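Here's the structure, in structure tokens; my notes come after.
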Amino acid sequence: MFQELQDRLKSSQYFYPPGWRKGALLFLLIIGILLLAISASVAVPHTKRLVQFGKENRYRFCLSEFQTAVRKFISQNKRLPISFEELLLDQKGNRYLRQVYKNPFSGKADWQFLQESNRIEFRSGHQLLKE
């Protein structure tokens, strides 16, 4: 009985006009590729923004670690540190900073340690961040 119904539907012009199967498959394939291209064009810029946001968060983390290390150094030694090396290991053998973190934008530890009168600045050596 089921086979009879299938045969009837296959022979009917209403359900399957001539050449319909070949054209329908091509049409569905084109629609699928088009939808995939649209979703990819939306996802790529979003991914780039996420990567940039992650680098900026890592940059803020590095700067806050440097600030914390300087504050601890000042509270124990009553003076400003001279360089990163002094934050890593001072004359008394204390460590205020575990490591000089890599700059997330350049991938190198290219930080600049600038000391002005009673103030310390940490700057990136990366070209994009100099301005």
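Here are some notes:
- Convex hull per residue volume in Å³, alpha carbons only, for the stretch 52-131: 87 Å³
- When the trypsin sites (Lys or Arg not before Pro) in the stretch 55-114 are filtered for DSSP coil states and for at most 13 other beta-carbon atoms within 10 Å of their beta-carbon, the remaining sites are LYS78, ARG79, LYS92, ARG95, ARG98, LYS108.
Quick note: the coordinates plus some simple rules give every number you see, no bench work behind them. Predicted, not measured: the structure shown is a model, and the values here were computed from it. Ideal geometry is used to build each Cβ from the backbone, glycine not excepted, and the neighbour counts take in all protein chains shown.
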